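A.B. asks: Once you've had a glance at the structure underneath, I'll fire off some questions.
The values are calculated or read from the model by the stated rules, or taken from the named source; none is laboratory data. Small disclaimer: the values here were computed from a predicted structure and weren't measured. Neighbour counts run over all protein chains shown; Cβ positions are idealised from the backbone, glycine included. Heavy atoms of the whole protein, side chains included, go into the accessibility calculation; ligands, DNA and RNA do not. Shrake-Rupley method; radii C 1.70, N 1.55, O 1.52, S 1.80 Å.
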Number of protein chains: 2
Amino acid sequence: MDVRTLCLGALMGGEATGYEIRKMFEDGTFSHFQIASLGSIYPALTKLTQDGLVTFVEHEQENRPDKKVYQLTSEGRRTFLRTLLQTRPAEDRYRSDILFMLTFAEEMPIELTEALIDEFAARHELMNQQIDPENEDKPGVIATYGRDDDGAPRPGCCFVAGLGQAMCEATLKFIRENKQGLLDDLRKFKSRKD
Amino acid sequence: MDVRTLCLGALMGGEATGYEIRKMFEDGTFSHFQIASLGSIYPALTKLTQDGLVTFVEHEQENRPDKKVYQLTSEGRRTFLRTLLQTRPAEDRYRSDILFMLTFAEEMPIELTEALIDEFAARHELMNQQIDPENEDKPGVIATYGRDDDGAPRPGCCFVAGLGQAMCEATLKFIRENKQGLLDDLRKFKSRKD
DNA sequence: CCGACATATATCGAACTGATATAGCGATTT
DNA sequence: AAATCGCTATATCAGTTCGATATATGTCGG
């Protein structure tokens, strides 16, 4: 699924600027299962405009760079829905430097191992809070999508958010239950080697 | 963490060909939390050879292309361990087309939603089996790393594998408990719109 | 007997990331 | 009071990586 399609999806929730779209992937609705950087979003929006799938209105702002507020055209909407029906989803891919590094726990000082695990836990704690669709401390605009006209979150988004939280909680639970055991094993492992 | 570093890590478990390294990321030890394709592995090995961090021996094979069996040099080993100590691990990133698509469940036929969820579950079921370090139906060479000389899996690998399994199981559990509810909600949602 | 799949290396275009540039405002730090 | 940092906002670009393709051949199932 390329960035162009991701942008169309982001705009399904209403109009947005390139900057706001990035926030949906950085902090917002899609943050825990898709990524897109500004360096790919802006060219994608330009291309989509050329292809007539989105349009934009330029809002001049005082003492600020102009805002380009993008919106789906009806053809853009149709194209996205067609893509949804026709695309075979690619494999999921999870990339974690921390887990890769922890694979080599035997080769590093125990303090580092513990720090890495704590960092991993902290990140998941944060993510768990960010996912929560009820958590409204984030500015309204960001979480626009996923909500109905009456403000109720939509079933699909709830399901995906719930799944994300279940994964976070399972991770945190596993760490609570196994961190100490790993550190003990590592100490044993190291003393055995001497 | 670039592919060069990943290759050094893969070779920490002993000698391997480029093809075997890819399998570690495709099917093997690292498959559920790191990815690297052949198109990046081969150039990385070439570069590492130039830099003196790995060496290779060419094994001629009858009726097969030559095998280049790579091995860490002592400097390669030192470099990798230094990287381990000095690197601030990058953010974890999880990328899932299926979850992205499910976000738009309201916009597609219920059968597709169900098919996507089932596909998601099936992939996690498979992954759960692949992770298991005790699962020995896969050829021995692949799972070389993560095992001690006496064949016992090492604590770091066990921890990471256990974490992966916990995540898989949480995912499967969530789907078991919430799939039907989502499909019901979607039906309600759709009938309300008429 | 043919197609599919596995072993094995190599290359290359297309896509994407991450950093940087520009520019002004507000908040916090020194 | 000055300096630094982070936020909004767009844009570009070098370097990295992916995914597809090429090459060559053996094995296995239908």
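A.B. asks: Let me know the charge dipole size of chain A about its Cα centre in debye, to the nearest 20, where only the beta-carbon of Lys, Arg (+1) and Asp, Glu (-1) is charged.
C.D. replies: 660 debye
A.B. asks: Starting from the Cα gyration tensor of the range A:149-192, take the square roots of the eigenvalues, sort them a ≥ b ≥ c, and report rounded, prolate or oblate (rounded when a/c is under 1.5, otherwise prolate if a/b is larger than b/c, else oblate).
C.D. replies: Values: a/c = 7.77, a/b = 6.15, b/c = 1.26.
In terms of gyration-tensor shape, prolate.
A.B. asks: Let me know the shape class of chain A, please: from the alpha-carbon gyration tensor, a ≥ b ≥ c as square roots of the eigenvalues, rounded when a/c is under 1.5, otherwise prolate if a/b is greater than b/c, or oblate.
C.D. replies: Details: a/c = 2.41, a/b = 2.30, b/c = 1.05.
In terms of gyration-tensor shape, prolate.
A.B. asks: Heavy atoms only, probe 1.4 Å: what % of the accessible area of the protein assembly as shown goes to carbon and sulfur, would you let me know? Don't skip to the end; give the middle numbers.
C.D. replies: Details: 9330 of 19520 Å².
With neighbouring chains kept in place, the figure for the protein assembly as shown is 48 percent.
A.B. asks: Ok, one more. Using a Förster distance of 35 angstrom, determine the FRET efficiency expected from the C-beta separation of residue A:74 and residue B:180, and round it to 0.05. Mind dumping the intermediate values first?
C.D. replies: Working: r = 34 Å, r/R0 = 0.98.
Once rounded, the FRET efficiency stands at 0.55.
A.B. asks: Just counting partner chain Cβ atoms within 10 Å, what average do the residues of peptide A:31-39 show around their Cβ?
C.D. replies: Details: counts 2, 5, 10, 8, 4, 1, 0, 0, 0.
Taking all residues of A:31-39 together, the mean is 3.
A.B. asks: Moving to a separate point now. Kirkwood Rh, the protein assembly as shown, all Cα pairs: how many Å?
C.D. replies: Working: mean 1/r = 0.0434 Å⁻¹.
It works out to 23.0 Å.
A.B. asks: Something else: For helix B:74-86, what angle does its Cα long axis make with the longest principal axis of chain B, in degrees from 0 to 90 and rounded to 10?
C.D. replies: 40 degrees
A.B. asks: Restricting to the protein assembly as shown, compute how many DSSP beta bridges are antiparallel as a %, nearest 5. Intermediate values should be presented prior to the final figure.
C.D. replies: Details: 19 of 19 bridges.
DSSP beta bridges in the protein assembly as shown are roughly 100 percent antiparallel.
A.B. asks: Another question about this same structure. Per residue of B:113-126, how many C-beta atoms from partner chains lie within 10 Å of its own C-beta, taken as a mean? Spell out each step's value before the answer.
C.D. replies: Working: counts 3, 0, 0, 2, 2, 0, 2, 3, 0, 0, 3, 1, 0, 0.
Going residue by residue through B:113-126 and averaging, the value is 1.
A.B. asks: Compute for chains B and A the buried accessible surface, both sides summed, probe 1.4 Å, and express it in Å² to the nearest 100. Intermediate values should be presented prior to the final figure.
C.D. replies: Details: alone 13230 and 13240 Å², together 19520 Å².
Buried surface at the B/A interface: approximately 6900 Å².
A.B. asks: What's the center-to-center distance, using Cα atoms, between the range A:1-41 and the range B:1-77 in Å?
C.D. replies: First find each Cα centre; the distance between them is then 35 Å.
A.B. asks: Using only atoms on other chains, find how many Cβ atoms lie within 10 Å of each Cβ of peptide A:162-168 and report the average. Spell out each step's value before the answer.
C.D. replies: Working: counts 5, 10, 5, 2, 9, 7, 2.
Mean partner shielding for this stretch: 6.
A.B. asks: Mind pulling the angle between the C-alpha long axis of helix B:38-50 and the longest principal axis of chain B? Nearest 10 degrees, somewhere in 0 to 90.
C.D. replies: The helix B:38-50 is inclined about 30 degrees to chain B.
A.B. asks: Does the range A:1-98 come out rounded, prolate or oblate, given a ≥ b ≥ c as the square roots of the eigenvalues of its C-alpha gyration tensor, rounded meaning a/c under 1.5 and, failing that, prolate meaning a/b above b/c? Walk me through the intermediate numbers first.
C.D. replies: Working: a/c = 2.31, a/b = 1.25, b/c = 1.85.
Taking the square roots of the gyration eigenvalues as a ≥ b ≥ c, the range A:1-98 is oblate.
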